[in-house]
Structures are given as structure tokens and as C-alpha cells.
1. Using θ = phi - 60° and the Karplus curve 6.51 cos²θ - 1.76 cosθ + 1.60, what whole-Hz ³J(HN,Hα) does each residue of region 259-273 get, with Gly and Pro shown as x?
2. Against the longest principal axis of the chain, how steep is helix 61-92, in degrees 0 to 90 to the nearest 10, with axes from Cα atoms?
3. Express the accessible area of the chain per residue in Å², computed with a 1.4 Å probe while the remaining protein chains stay in the model.
4. State the extension gain, in nm to one decimal, for the chain segment bounded by ARG101 and ASN293, taking 0.36 nm per residue of separation less the distance between their alpha-carbons.
5. In degrees from 0 to 90, rounded to the nearest 10, what is the angle of the helix 130-144 Cα long axis to the longest principal axis of the chain?
6. Expected output is a single nm value to one decimal: the length gained when fully extending between SER22 and LEU113, i.e. 0.36 nm times separation in residues minus the C-alpha distance. What is it?
7. Binning at 10 Å from 0, report for region 178-310 what percent of all alpha-carbon pair distances ends up in each bin.
8. What nm distance separates the two modelled labels at HIS191 and PHE211, each placed 7 Å from Cα along Cα→Cβ?
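The values are calculated or read from the model by the stated rules, or taken from the named source; none is laboratory data. These numbers come from a predicted model, not from an experiment. Ideal geometry is used to build each Cβ from the backbone, glycine not excepted, and the neighbour counts take in all protein chains shown. Quick note on the areas: whole protein, heavy atoms, side chains included, nothing else; ligands and nucleic acids left out. Shrake-Rupley method; radii C 1.70, N 1.55, O 1.52, S 1.80 Å.
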Amino acid sequence: MSTSTEPRTATRPGDRVFRGISLGAAVVILATLAGVGIFLTAEGIPGITASPDEVKSGESFLQYVGPLVFGTLWAAFIALLIATPVAIGVALFISHYAPRRLAQPIGYLIDLLAAVPSVVYGTWGIITLSSAIQPLYVWLEENLGFIPLFAGPASATGRTLLTAALVLAIMVLPIMTAICREIFLQTPRLHEEAALALGATRWEMTKMAVFPYARSGMVSAAMLALGRALGETMAVAMVLSASGVVSFNVISSSNPNTIAANIAQSFPEASGLNVNVLIATGLVLFVITFAVNFAARAIVERNKEFSGAN
């Protein structure tokens, strides 16, 4: 007669409580997302199916939301293009290059940027940044006007899509820097020492040991920042002088608007089906954000499999 010698794992009361709290939090999050999705769908369908004669814009929903989707994606893309190399560089400097006495204050300073309200960023952008950067737009038009991005005419106020993207880049910088910094610090010390022992310089060690290990973390940081940029409202609404056009020009006064900023600007005066149209544009933004998150998850999982294979 054989008896099992495997120890029986006892579940502690604290573990059961923690498991229940975690499960409850997950259920609440899923229920909240489902509720938001149901509300946006139910309230947005009348706006999607409304005829042009029934709404203020006099356009079909696709004609109305198209320029807004373009402006949202274009502004977020430019912001991410500006913020990503800066965030990675700052995070790498803090984690591997700066002395500890200097790294900690810089890290705290970057983290404090996340605590600044959007209205403050918008006020700074419309009062200080736009006027300071306007001469640069004139220079770009005069010297690089053959490029469609800088074709002009240059805005006289500086309230352009590029200014809004710069403000967005500063706003998403803290979250990208914080995530990249933590991922860089988790690089196995043995990998770094092995690269240095083989004669690699510090930069070569970073390319061979740090970046491959942190690839999925950097993608996650970029996608989280992209989600923040896609949904930003007040700063964009205050800085951007939007005219609702579809244009790649980033220095002129004719700029596309974003979905979130358009909702904030138009909702107080909307009524009837116009409210449903705005809610429908919110549904479109909801779907875009979900698509970005799913794409980020797929990229991260693919990078993990690739790293494991190597």
C-alpha cells in the first residue's frame, strides 16, 4: 500500500482574502469597461445613423468623424515621435550613466511632471510655448517649405498642431521615462558584466545587453504614452487652433482637430442628435484606444517569444 508523500499546500486566510480582492477588482474593471462600451454604443448609434439634415454639421457621420480621427492619430503620432527618444535617453542616463546623487533628483523631477494638471500644460502652451516657437515656424516655412509638413503659411499665433504635439510629448514623457527606467534597471547584471568583459564599451553593452532585454518594456511604455496622447483633452483644446481640415501641414493655422478636444469644445452647446453624434465620436475613440492596447499586447508577447527563442 503506497502513501503519497507530496506535501499538501495550505491556503492561508490572507491569501484567500488577497485572491478575492484581486478577483473583485478585475471584475469591477471589466464591468466598468463593458458599461462604458454599452453606453457609448446605445447612445452613439442614433448619431451614426442620423441624416446630414438632422445634425448641426450638415455632414454624414463618416464625413464628420474622419478629420477628427486623422487629427487624433496625427497629433498623437507626432507627440510619440518626439517623446520616445527623449524618454529612452533620459531613462538610460538615470539608470546607467548618471551618478546616484544626480540620478535621484532627475528621476524625481521627471516624475513630478506627471502631477501637473492638463490645464497648466495648456496655459503654458498657449501663453509661452506658442509665442516662443512661432519664429521657428517662419524659419521652417522659408527654408524647408518644399516639405509638405512645413509648407505653410506659418501660423501668426504659433497655435499649430506641432505646438500641441510638443505639449503632448511633455505630458507623456514621465510615464515613458518611469517605465523605461525600471525596465533598464532590471537588466541582469551578469549580462552587462559579460559584455564589458568581452571588451564592449558602455554604449555597446547597452545595445547588446540592455536594449534587447528591455524591448518589450519599451514597447509597453510607448503604447501607454500613445493611449494618454490619444485621450488628452484640455491641453489640446487650449493650444490647438483647429479648423477641422485634413492636412499634414504642422505649422499653419489650418489644423485638424482631435476627437477629445472636439467633444470638450462642442458638448456645452450641443442638443438632440448633436449630442449623440459627439457620443458616437467618443465610441470611435474608445475603439481606437482598445485597438492600440491590443496591438501593444500582441507586440509585447511577440517580443517575449523572440527573446525566449534567443
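1. Those phi angles translate into 5, 5, 5, 5, 5, 5, 7, 9, 5, x, 9, 7, 7, x, 5 Hz.
2. 40
3. I get 56 Å² per residue for the chain.
4. 65.5 nm
5. 80
6. Extending this stretch completely gives an extra 29.8 nm.
7. Using 10 Å bins, I get a P(r) of 11, 27, 24, 18, 14, 6, 1, 0 for region 178-310.
8. 1.4
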